[in-house]
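Notes follow once the structure below has been shown.
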Ligand code: AN7
């Protein structure tokens, strides 16, 4: 085999693949780790961006979905509740595997690109008149009534696949970062990264472990508050989650890593989102920018190595991109009109 063959092949020794016959892959993983020159200068640190929006369906969810769909042995239908990216990934990998896919999404609160993906990949898209937390509960309940396999991160195969993000960071840097900054919604990914870092550490691949810094949107920050949020609200719809499924594991992660989970406001998220595009040329989605908003808000130790996980692609959410940017100007098609505008 030549080139990159996807996570299950490339990191095979790190998984239990005994019951696997055919790997379902779209060659996910191996995403760029870009040095953030201006952010590093601004924070007097060595800051890197893990660009997960470059995965096949445009988010980190592909790492978990290659595993979950590969291991959905015997299933004919998979289901998930989603704020948009899990559904896009599930729809894509289900199509590859020849499975039916049902997705439950909160009506009106899924970014347009994500909704389009689930539809184009051929999933049955059901818009719930409720929020993500209700969608996830209903998806779980449906598995009691119908022969369907759930592929949310409560499915342990998802976390297993997602731990590879940490492997790739260590493989590129040659060490673990001092700080891993990551957006937190359902809290599966922070749990997965920690598993990846600890497995590499105990295997001698990295001498140190990072502090795990998770960031929730202020309007959807149950872990920061210490209680579920019944009506979460944030412009970062990907992390508009009020009762995270991996809440307890996430608390263990911040305890073990001497890390923390804190809140950033929508304004801070959008500032970071625009800063990343204009200064680092990385167009991520708003939820992803929570990681950078967090280090800008709280600072980092001078000289430290910091990796921000940019979980999803900016193209997923064209509405937010347009509504937070200056509108294009309409100009008469003459040289005079253009000169008048530009001089
Ligand atoms: C871009 O797609 O929960 O803390 O249903 O799409 O592991 O949940 C998405 C979550 C961060 C939070 N960034 O990760 C879903 C969903 C982006 C995301 C998160 C999500 P978790």
Q | The one condition in (1) part of a helix (DSSP H, G or I); (2) within 13 Å of the ligand (Cβ to nearest atom); (3) crowded, with 20+ Cβ neighbours inside 10 Å that residue 157 fails to fulfil | A | (2)
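Condition check ((1) outside any helix (DSSP H, G or I); (2) touching a helix residue (DSSP H, G or I) at 6+ places or on another chain (Cβ under 8 Å)) across all residues:
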| position | (1), (2) |
| --- | --- |
| 147 | yes, no |
| 161 | no, yes |
| 176 | yes, yes |
| 205 | yes, yes |
| 213 | yes, yes |
(Q) For the condition under 22 Å from residue 295 (Cβ atoms), surrounded by 21 or more Cβ atoms within 10 Å (Cβ to Cβ) and within 12 Å of the ligand (Cβ to nearest atom), what is the one hit in 176, 187, 166, 139? (A) 187
Q: For residues that are part of a helix (DSSP H, G or I), away from the ligand (no atom under 16 Å from the Cβ) and surrounded by fewer than 18 Cβ atoms within 10 Å (Cβ to Cβ), tally how many sit in the range 276-290.
A: 2
Q: Please identify the pairs in which a residue from the range 314-325 that is in contact (Cβ under 8 Å) with a residue 24 or more places away in the chain and under 16 Å from residue 60 (Cα atoms) has its Cβ atom under 7 Å from the Cβ atom of a residue that is within 12 Å of the ligand (Cβ to nearest atom) and assigned to a helix (DSSP H, G or I), counting only partners at least 6 apart or on another chain.
A: 314/53; 315/113; 316/113; 316/114; 317/113; 317/286
Q | From the options 110, 105, residue that is within 19 Å of residue 183 (Cβ to Cβ), within 10 Å of the ligand (Cβ to nearest atom) and without any contact (Cβ under 8 Å) to a residue 60 or more places away in the chain | A | 105
Q: State all residues of the range 65-111 that are in a loop (DSSP other than H, G, I, E, B) and under 18 Å from the mean Cα position of the chain (by Cα); if no residue qualifies, say none.
A: 82, 83, 84, 109, 110, 111
**Q.** Flag for residue 238 being within 23 Å of residue 134 (Cβ to Cβ), within 17 Å of the chain's Cα centre (by Cα) and surrounded by 19 or more Cβ atoms within 10 Å (Cβ to Cβ)
**A.** yes
**Q.** Every residue from the range 32-62 that is away from the ligand (no atom under 15 Å from the Cβ), in contact with a strand residue (DSSP E or B) (Cβ under 7 Å, 6 or more places away or on another chain) and in a helix (DSSP H, G or I)
**A.** 39, 40
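Let's see how each residue does on (1) crowded, with 24+ Cβ neighbours inside 10 Å; (2) touching a strand residue (DSSP E or B) at 6+ places or on another chain (Cβ under 8 Å); (3) within 22 Å of residue 320 (Cβ to Cβ):
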position: 64; (1), (2), (3): yes, no, no
position: 67; (1), (2), (3): yes, no, no
position: 75; (1), (2), (3): no, yes, no
position: 80; (1), (2), (3): yes, yes, no
position: 90; (1), (2), (3): yes, yes, no
position: 95; (1), (2), (3): no, yes, no
position: 99; (1), (2), (3): no, yes, no
position: 107; (1), (2), (3): no, yes, yes
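All of the numbers you see were taken from the coordinates with simple rules; none came from a lab. Computed from a predicted structure; not experimentally measured. All Cβ positions, even for glycine, are placed from backbone atoms using ideal geometry, and neighbour counts span all protein chains on display.
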